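Asker: Questions regarding the structure given below will be posed in turn.
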Amino acid sequence: MNVSNEMEEHEVLRVKLEVLKQEHRDLDEAIDALQMRGSSDMLTVRRLKKQKLALKDRITYLEDCILPDIIA
């Protein structure tokens, strides 16, 4: 029973990880689009970059939870 719960937890983490990765890509595209327009609001771009960085931190955390570093 414990193994089953652990597998379900890993699947939930994997789904969350994919959602965060998609959000990260979406933010990247939004930042690029704003910068391509040239008349972008720099404050908005900075805010989006901060959000993107926070997402990257959460992605890294989830990746570590799914595949922890094992020192042999």
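The values are calculated or read from the model by the stated rules, or taken from the named source; none is laboratory data. Worth saying up front: this structure is predicted, and the values here are computed from it rather than measured. Glycine also receives a Cβ, built like all others from the backbone with ideal geometry; neighbour counts cover every protein chain displayed.
Asker: Under the condition of being touching a residue at least 24 places away in the same chain (Cβ under 8 Å) and among the charged types (D, E, K, R), which residue from segment 40-66 is nearest to V15 (Cα to Cα)?
Answerer: Step one: of segment 40-66, the residues touching a residue at least 24 places away in the same chain (Cβ under 8 Å) are 51-52, 55-56, 58-59, 62-63, 65-66.
Now drop any that are not among the charged types (D, E, K, R), which leaves 52, 56, 58, 63.
On the way: K52: 18, K56: 15, R58: 13, E63: 11 Å.
By that ranking, first place goes to E63.
Asker: Taking R25 as meeting all but one of (1) modelled with pLDDT of 95 or more; (2) surrounded by 13 or more Cβ atoms within 10 Å (Cβ to Cβ), write down the number of the exception.
Answerer: The number of the failed condition is (2).
Asker: Looking at (1) within 23 Å of E8 (Cα to Cα); (2) surrounded by fewer than 10 Cβ atoms within 10 Å (Cβ to Cβ), which is the one condition that is false for R37?
Answerer: Unmet for R37, out of (1) within 23 Å of E8 (Cα to Cα); (2) surrounded by fewer than 10 Cβ atoms within 10 Å (Cβ to Cβ): (1).
Asker: In this structure, is D26 assigned to a helix (DSSP H, G or I), out of contact with any strand residue (DSSP E or B) (no Cβ under 8 Å at 6 or more places or on another chain) and at negative phi?
Answerer: Details: assigned to a helix (DSSP H, G or I): yes; out of contact with any strand residue (DSSP E or B) (no Cβ under 8 Å at 6 or more places or on another chain): yes; at negative phi: yes.
Yes, satisfied.
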